[in-house]
Amino acid sequence: MESNSEGENMLLGFLSLYETSSKDGYLGAILVTDLQGIPQEFRCTHPVKPTTIQKPLYGDTLEPYIGVNLCGIPLIKSIQNKPSIIVVNKDFLLGVRVSSPCPVIFIRRAGEAIDIKSSDSSETALKRERIDCPTGKFQPIVCASHPDYDDDIMSAKETLGKIFNYLDPLEPFERMAKAIELLSEQDKRFQ
Amino acid sequence: MGDTMLLNNTKFLERTKLKLVSKVFPFKRTEILLLDKLEIGLKKAKINQISIPFISLPQITPDFCPDRPEVIKLKALLENRGVEDLTLWLREHLPISLPQITSDFCIVKPELIELKIIPSYIQIITCQNTQCLQKLRLRLDEELIGRQLEITCPTCRHMFVYSPTKDELIEDLTTWLKEHLSYPEIESFSVLLNTPRKAGKSYQQGEAEYKQATLFKLDGDEDCIHGLKKSWCAICIQKERQERERTSSHVDLFDLILPLLQPPLGKNFDSPIAFPLGKELYPFQCIGVKFLTEHERALLGDEMGLGKTQQAITALRFLFRMGKITNGLIICPRSILTHWERTLWDWAPELRVIKVRGQKEQRQISWNCSAHIYLTTYETLRQDLDGSLKNTDTIINSDGSYSITCPNDGCSERLRIDKEIFGIQVQCPTCNHLFTYTPAEDIARKQFDFIILDEIQKIKNPGAAITKAVRQINASYRWGLSGTPLENRLEELISIFAYLKPGLLHYDYVTRPLKVKEAIKPYFLRRRKTDALPELPEKICEEVWLELSPVQREAYDKAFYESKVYLEELGEYGTIQHALAQITKLKQICNLDPVTKESCKLEYLLDKLEEISEQDDKALVFSQYPEKTLKFIEPELKQFNTLVYHGSLSDSQRDEIVKKFQEDEQSKVLLMSVKAGGLGLTLTRANFVFHFDLWWNPSVAVQAEDRAHRIGQEKTVFVTSLFTVDTIEERIQNILKRKRELFKSVIDGLSDTNLSKVLTEEELFGLFNLQKPKLTAKSMSRGGSTIGLLSQILPKQFERLIAGLYEKMGYQVKLTPQTKDQGIDIHAKRLSETGTEYLAIQCKHYPNGVVGVEHARSLYGVIQGQPSITKGVLVTSGEFSKECKDFANGKRIELFNGNYVCGLLEKHGVSFSERIR
């Protein structure tokens, strides 16, 4: 599958993993928008609910496994409107890059403290770039790419820098969280 | 046998001893238990220990007893398990001779009891020796249960009798072994997490389309069950229309979350993506939006034309995106229901709107569908709430299903029905009674996060049914919209706020206006045009889309059908003029029903003119059809001291009317024909302009609007064009919108003769779902020869020819005398479904000439004086001038040029030779 990378028709993808309202499972979701942040497509999974035995067995690999293998990769394959770049807000989700046709970038707000002790990862070992909002409207962000795909960060930086004038790249994740919350209220299958 | 012989050989004395001994100490039958191979059904399990039960040997008397070593040997052998036939072995190995068995004496043969392997029983017993109490395990066959067994304890050699009972048995050895042996139980469970199912949808769509009026494709226009083509059948058309509405009511979960997925509007609405293209708010409107979003209870009282609807819709968008509301209700007058729908579509395309109207069943389905906004009228709300309250028999279960009672009085069984199925045929399983189920209580039990009441003064009367109905709706956000200056109507305000903000006002405040104003101040925002003027442009244009009333719809559909038939019958002889004539007829019905004069546009206009009048403003109302439209709406607008300006007035009369309109404050409305309006008039006292109908030439409309929008105008001019949905007006507007670019390149003053530059023939005929008639070579050659013949005949012969033609067309014709005929050459009469059609036909035989406007005027003058005449027909063998065609347009005059006459002659097979004699 080829990604859409033609100028104004470029699409952005926002992929994340959310915990269910009852804290007993995880939901993956991906939102595809145009460069102005207007939604073009939204897909999410039904909750994955690990049992009490599976949780300790998987340990720290639980969320990455669910986020990448069970939710992320299938979601990316399922979307009809292919984005030019996928943005994730959890570093372990960079694992989807191996199956993604387009660059995958992890972003977080610059200045956020990283809990180095609790996570092995990842992020401290990643190559990071800082992007500032040209208008100062939004706080700067830090982005990182999958270690095996260093080139991603350069191409992503250009795109993210362009949209950062008017769109906060972290904001769509908040919309997705609200949407997931409403979904779970309206439909038991998402609880 | 052998044993008997042995006993027989015993001496008498010894035999006697045996007899005595056996009587005193009889042999006990022994039970020998042998262990077979133990088969245990545990896979890969090891058994640590198996106890071999003690076997008691038979008691033998001193003179018949093997030596102890042999006994031991015997025991060992028995334990060996390899010995099967004990008797034989004993005979072979023991140095004793067994006594011969006689009839009264026989050696006790130990019985070998083979224990069955399955089922086998295990018994745990305790040695009865109180000094020992050894636990013994006993394996038993079922046959031994209840029998007395002699057991010798292997530890203390204590012998006791034991009778096993079933209760104490352990049935399954395996289970016992499992419990007592350290055998690990293997539990298998899945550690794999399953890939979850996915859900969602794509929101990317083509350019947003507002579905056009009935569109049946020409290809595949199949026959319907009523014996007609689907595009011709009124029943099928109506059904298709309802199906379209029903389909558009379907909203899924991912449509409902779409507003949440939208980018934020920004606190100051300065986001470049905040509004749909071409739709931005003025600064004063942003203040209005902010006012609404910050107040759960609010009354927006901006003057008419300042965009209350747009402000309310934008405020809703804001709240939806913030997640503060998920669904709500908008109530408005019937006349502007469709206009609200259109405005919502334009300003908030991401919100799913359901218009609740139509038949009761359709409304129930609509209420039960998921949507962001339910749009309905005050009357519909009242009706549906009344219906809901009466029905208390239905219960909604926790899983969303419905429990209802079988309507069969003899049954009354409680039935459970899936929530998602409406209007279904249900058969009671108890009594087999068949009935249709539609839930009716939903509106009463539905929860709304917001309610908007447009023209909220409708609930000014606290005792009215509408007011009572509205007050039943419990919503967090309650907004009212009204252009009426309510601040001077305290009673109305109190009634309105009794719903908006209960407890804020009391009815005894009616005499305390200052107190009322003070109390409502935080919840009431009103701007006048003068307040907003600096921000407003000089002219604001708006399209308002209305829905035909039922009577109009019926008349329109019938006329549409007749037009199609007419144009089809014309076939290859049909021209643009014919199509235009039919379009005119339909547009006139869109204005007014020809019989009842009912008009959805007039209803809307009345509402708006009331507001305008109260604001001390004035309005101009334009129409292309002074005779067919303005003449009939004038009486309905008497309350506004309406003046009428049209072409037939004298110059002095026109001046008088203009002066009166400009100066007399009581004259609020001026009705004008579009053509008459383009005469350099100054009517700047009016700042509201309504186009009751529009032609496709925008410059004509602009000219009309410029009567108000010109030097001397101090206010913003609000121009409203009225259209009806699902009609030829909508089709025309859609085509014109697509051709907007073409319009810009066309020189102003486009007239009908240049219409082909704007709308092609294909498009014109396409408005009727017809293809442009194609002239065949045959018809062209025929036409050529006929026109040649036509040019050779005399005028009187021409008249007779035309009379013959109308006879062929089904008319009764009468040729008039040559003098004193008022210019009419032929009178024709024909009976039709709608009545008798009278035609006044004037013939102008100008084979190579052009008929001028004076002839059309003359004919028009004649038919004006004779109301019984349906229409006048001007027939020529030549052509008509542009002025003549312009004049005839919109009047009861039809023009037949030479080509058309030839076509009709050919079509109806009129013979020249026969007719011109």
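In the set B:Tyr806, B:Tyr838, which member is modelled with pLDDT of 85 or more, farther than 21 Å from B:Lys907 by Cβ and not hydrophobic (A, V, I, L, M, F, W, C)?
B:Tyr838
Give the residue, chosen from B:Ser370, B:Ser398, that is polar (S, T, N, Q), assigned to a loop (DSSP other than H, G, I, E, B) and either modelled with pLDDT of 80 or more or crowded, with 21+ Cβ neighbours inside 10 Å (or both).
B:Ser370
Which count do you get for residues in the stretch A:18-38 that are within 11 Å of chain B (Cβ to nearest Cβ) and under 15 Å from the mean Cα position of the chain (by Cα)?
Residues in the stretch A:18-38 being within 11 Å of chain B (Cβ to nearest Cβ) and under 15 Å from the mean Cα position of the chain (by Cα): 9 in total.
When residues of the stretch A:148-170 are filtered for being assigned to a loop (DSSP other than H, G, I, E, B), touching a residue at least 40 places away in the same chain (Cβ under 8 Å) and within 14 Å of chain B (Cβ to nearest Cβ), how many remain?
4
Pairs, please: C-beta under 6 Å, at least 6 apart or cross-chain, first residue within 7 Å of another protein chain (Cβ to nearest Cβ) and in the stretch A:171-187, second assigned to a loop (DSSP other than H, G, I, E, B) and at pLDDT below 90?
Once the first residue is within 7 Å of another protein chain (Cβ to nearest Cβ) and sits in the stretch A:171-187, its partners that are assigned to a loop (DSSP other than H, G, I, E, B) and at pLDDT below 90 give A:Lys178/B:Gly323; A:Ala179/B:Ile257; A:Leu182/B:Ile257.
Take the stretch B:278-326 and flag every residue that is in contact with a strand residue (DSSP E or B) (Cβ under 8 Å, 6 or more places away or on another chain), open to solvent by 20 Å² or more (accessible area, probe 1.4 Å) and of a type in the set (Gly, Ala, Ser).
Once the filter is applied, which keeps residues that are in contact with a strand residue (DSSP E or B) (Cβ under 8 Å, 6 or more places away or on another chain), open to solvent by 20 Å² or more (accessible area, probe 1.4 Å) and of a type in the set (Gly, Ala, Ser), the stretch B:278-326 yields only B:Gly305.
Suppose we filter the stretch B:316-352 for residues that are under 19 Å from B:Arg478 (Cβ atoms), more than 14 Å from chain A (Cβ to nearest Cβ) and aliphatic (A, V, I, L, M); how many remain?
5
Hey, can you tell me all the residues within the stretch B:832-889 that are surrounded by fewer than 19 Cβ atoms within 10 Å (Cβ to Cβ), touching a Cys at 6+ places or on another chain (Cβ under 9 Å) and of a type in the set (A, V, I, L, M, F, W, C)?
Within the stretch B:832-889, B:Val850, B:Val853 meet the criteria.
Evaluate the following for B:Arg147: is it charged (D, E, K, R), in a loop (DSSP other than H, G, I, E, B) and modelled with pLDDT of 85 or more?
Spelling it out, it is not the case that B:Arg147 is charged (D, E, K, R), in a loop (DSSP other than H, G, I, E, B) and modelled with pLDDT of 85 or more.
Filter the stretch B:644-669 down to residues that are of a type in the set (Ser, Thr, Tyr) and in contact with a helix residue (DSSP H, G or I) (Cβ under 9 Å, 6 or more places away or on another chain) and give me whichever is surrounded by the fewest Cβ atoms within 10 Å (Cβ to Cβ).
B:Ser648
Quick check, is B:Glu562 within 28 Å of B:Gly898 (Cα to Cα), free of Cβ contacts under 8 Å to residues at least 12 places away in the same chain and loosely packed, with under 15 Cβ neighbours inside 10 Å?
Against the criterion (within 28 Å of B:Gly898 (Cα to Cα), free of Cβ contacts under 8 Å to residues at least 12 places away in the same chain and loosely packed, with under 15 Cβ neighbours inside 10 Å), B:Glu562 does not qualify.
State yes or no: is B:Glu535 in contact with a strand residue (DSSP E or B) (Cβ under 7 Å, 6 or more places away or on another chain) and open to solvent by 30 Å² or more (accessible area, probe 1.4 Å)?
Against the criterion (in contact with a strand residue (DSSP E or B) (Cβ under 7 Å, 6 or more places away or on another chain) and open to solvent by 30 Å² or more (accessible area, probe 1.4 Å)), B:Glu535 does not qualify.
If only one of B:Leu609, B:Leu567, B:Leu630 is within 21 Å of B:Gly301 (Cα to Cα) and either buried (at least 19 other Cβ atoms within 10 Å of the Cβ) or not small (Gly, Ala, Ser) (or both), which one is it?
Only one candidate passes the filter, namely B:Leu609.
Quick check on this structure: which one of B:Glu627, B:Glu656 is in a helix (DSSP H, G or I) and without any contact (Cβ under 8 Å) to a residue 40 or more places away in the chain?
The match here is B:Glu656.
Does A:Asp60 count as of a type in the set (Asp, Glu), open to solvent by 40 Å² or more (accessible area, probe 1.4 Å) and in contact (Cβ under 8 Å) with a residue 12 or more places away in the chain?
So A:Asp60 passes the test.
The values are calculated or read from the model by the stated rules, or taken from the named source; none is laboratory data. Since this is a predicted model, take the numbers as computed values, not measurements. Note that each Cβ is placed from the backbone with ideal geometry, even for glycine, and that neighbours are counted across all protein chains shown. Accessible surface is based on the protein model in full, side chains and every heavy atom, while ligands, DNA and RNA are left aside. Shrake-Rupley method; radii C 1.70, N 1.55, O 1.52, S 1.80 Å.
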